[in-house]
1. Residues that are within 11 Å of chain B (Cβ to nearest Cβ): find the strands (runs of 3 or more DSSP E) completely inside segment A:199-267 holding 2 or more of those.
2. Exactly one of (1) at pLDDT 85 or above; (2) farther than 29 Å from A:Y327 by Cβ is unmet by A:D172. Its number?
3. Which one of these is away from chain A (no Cβ under 14 Å), closer than 18 Å to B:I7 by Cα, in contact with a Phe, Trp or Tyr (Cβ under 7 Å, 6 or more places away or on another chain) and assigned to a helix (DSSP H, G or I): B:F52, B:F69?
4. Among the residues of segment A:32-53, write down those that are surrounded by 12 or more Cβ atoms within 10 Å (Cβ to Cβ) and either hydroxyl-bearing (S, T, Y) or facing chain B (nearest Cβ under 7 Å) (or both).
5. Kindly check whether there is at least one residue in segment B:74-83 that is buried (at least 18 other Cβ atoms within 10 Å of the Cβ), among the β-branched types (V, I, T) and farther than 20 Å from B:L156 by Cα.
6. Quick check, is A:E126 modelled with pLDDT under 85, not polar (S, T, N, Q) and not in a helix (DSSP H, G or I)?
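The values are calculated or read from the model by the stated rules, or taken from the named source; none is laboratory data. Just so it is clear, the model here is predicted, and its values are computed rather than measured. We place every Cβ from the backbone using ideal geometry, glycine too, and count neighbours over all the protein chains shown.
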Amino acid sequence: MWKFLTSLRLAIVLIGLITILLILSALIPQSGIAEDRIADVRQLLGDSYVIVEWLGLDRIYFTPGFYVILGLLAINLTAGTIQRFRVILTSEGTLWRVRRVGSLVFHMSLLLIIVSVIVNYLVKFEGVYALSEGQEVSDAADAYFRTFNGPLHKSESGRFTLRLNEVIIDDDVARADAVAARVTFMPSDGDPLVDRVIATNHPLKYESLEVHYGLVNGFSPELLVLDSTGSRLFAGFVRLATVSAEGRRRYADFIELPQQQLTVNLEVFPAKDGSETPTFQMSVERRGMVALDTIVTTADTVTAFEYRFAVPRWRRWCYLNVVENPYLNVVFVGFWLALTGMSVGLVSRVMPAGRGVR
Amino acid sequence: MNLIEQICYWTAALLSAAAFFTSLLGTVFKRVKPFRFAGSFLTGALGVLTAFGVARWVRVGHPPFVTLFESMITSIWFLLLLHQIIFRLRREQGTVLLLPVSAVVFLLMGWAFSLPAEATPLSAALSNVWLFIHASFATSGAASFLIAASLSVIYLLGEKRSHPPQANSAPPETLAPLKTILNFLIFGLILWGVMIASGSIWAHVAWGRYWAWDPIELWSLISWLVYALLIHVRLTVKFSPRWFCRLNIIAVAIVLFALWGVHYVYETIHTYG
Ligand code: HEM
């Protein structure tokens, strides 16, 4: 049994299996990662897509099989390491032992990486907020737009409140990653409040939490809907989705008013350099009948059916990712340990043995 | 590209073509002299490509790491540099490498030329130290794998008795020793490993997610595991060297796909993709 556990052949089979599974996950769109492409594959395969689902090939990283193989690899690595440790003790020849030690350090750090990645995944916390400027949210589970928590994460909420004060667009390079967000982070355990501008590469750090600017931003126009008597049916900042298609970014969405059976479609056209007020394309439908389709500025009020519509103000919104990865630095230590081990192994391989080192 | 860059680019392309042609001549007609020309042509190509990189760096303000075109040119530069080192340290092996390396350089320059060569300004996310580590190790890693693949080609050609003249009838083992191929694999794995590690740390710093199963991350990890597999297969003695060399060539194709092919097929957050 020990021979099997430390055999190189088992290692080859396990690494091979993982490689094949990863290649499959690159070919078959994975749910939660490449959602949009799943529909086309489902259409392509028709009803045989059921087999993909049954085998779990559309969520390979979350199937038990994937973790069984990783677990076996961890055992194989541990056994291999122990066995190789014994070999080092009993062998002589410095160069030969240096190579063995390098390889030993490399494989042990692989083990460290695999274990710390899995442990970190189990307890990690990742919450995505979609906030409009001026909006303040508490750290309650339902306040998040989306969360990616580890299965064993014990979510104690109410640790902080976060306010997005302003989304700052860098005018000269108006690209998604030239954006920053001015936020106020208020810890609820009495620590001083933190007011910070965060951007890509510059997150806000508080104890084990990190608040990152979340790469996507967009527009939140204020939609006002009045009935014939002038009383307000709807008034609020509506966060429009940001969709990037064919290399162009569109800010468009629809708002439904169920009682009045109205659907309001809104699209925002930012002013050229993004600083002046944008214009809005608004269309109003009721039961498939389009009553209005026009360009609106913040000053206009338009009527459709017996209602009046206006977009008096607008704000920007962006994603803010709150993350907590307790064991991530162990993973990173594992990276550098592995690379050092392999480099030591390589140097001792390349150095000619004859140079009096035997 | 401004005038200086264009001159450098085309000179480097011509020199690599000349190196390929002369080393091909030397191989076919079993003459030694053409190989000497080919050697100096490739040395010239390295010099001129360095001038290209410097001229562009001065003009644009950041090293050629950002666009796909730049990433390819930097890989070619590392390949020429690695070959130059081998050429100086082990003349015979360097000479034998002239044919495959000049072919690869010439083909890559053609592919690079089909890509938009315009330099894009360095956006906020990219202007940080991790870009230089991540991109330079990716390109140098690819170069090391390309050298291993070139040696494998020589080993396979060597077996068919069409290797250069001066190595009378030396068996392929001395021209492209499997031990050297293995060392370049491990060297490539270290560089490629640093690329994946630095990319993951950078992604964590940038947007709080150290691994997002992005297609480029995935294919880079797949390439890394394929080479690790290749090394382990090589270490179980019974494995036929010919298959080891063939797998080497397939593996480098996956690396080139991971680096420059992915964006043809996938939507990826890698801006240069
Ligand atoms: C994902 C898993 C693995 C990867 C990526 C990997 C990678 C590598 C690499 C790159 C080398 C050559 C560099 C060096 O010698 O340090 C190597 C060598 C080796 N590996 Fe692995 N390995 C893995 C798993 C395993 C496992 C599970 C075993 C089981 C015992 C194993 C046994 C060996 C042995 C015996 C050597 C030769 C050591 C030497 O030449 O001194 N490896 N591995």
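1. Correct list: A:204-206, A:209-226, A:241-245.
2. (1)
3. Answer to the selection: B:F52.
4. Of everything in segment A:32-53, those that are surrounded by 12 or more Cβ atoms within 10 Å (Cβ to Cβ) and either hydroxyl-bearing (S, T, Y) or facing chain B (nearest Cβ under 7 Å) (or both) turn out to be A:I33, A:Y49.
5. Yes, there is a match, as at least one residue in segment B:74-83 is buried (at least 18 other Cβ atoms within 10 Å of the Cβ), among the β-branched types (V, I, T) and farther than 20 Å from B:L156 by Cα.
6. The answer is no for A:E126.
This table checks each residue for (1) away from chain B (no Cβ under 14 Å); (2) surrounded by fewer than 17 Cβ atoms within 10 Å (Cβ to Cβ); (3) farther than 16 Å from A:I113 by Cβ; (4) within 11 Å of the ligand (Cβ to nearest atom).
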{"residue": "A:L57", "(1), (2), (3), (4)": "yes, no, yes, no"}
{"residue": "A:V68", "(1), (2), (3), (4)": "yes, yes, yes, no"}
{"residue": "A:A79", "(1), (2), (3), (4)": "yes, no, yes, yes"}
{"residue": "A:I88", "(1), (2), (3), (4)": "yes, yes, yes, yes"}
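For (1) polar (S, T, N, Q); (2) without any contact (Cβ under 8 Å) to a residue 60 or more places away in the chain; (3) within 30 Å of A:M1 (Cβ to Cβ), each residue gets a yes or a no:
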position: A:E35; (1), (2), (3): no, yes, no
position: A:I38; (1), (2), (3): no, yes, no
position: A:R42; (1), (2), (3): no, yes, no
position: A:D47; (1), (2), (3): no, yes, no
position: A:V52; (1), (2), (3): no, yes, no
position: A:Y67; (1), (2), (3): no, yes, yes
position: A:G80; (1), (2), (3): no, no, yes
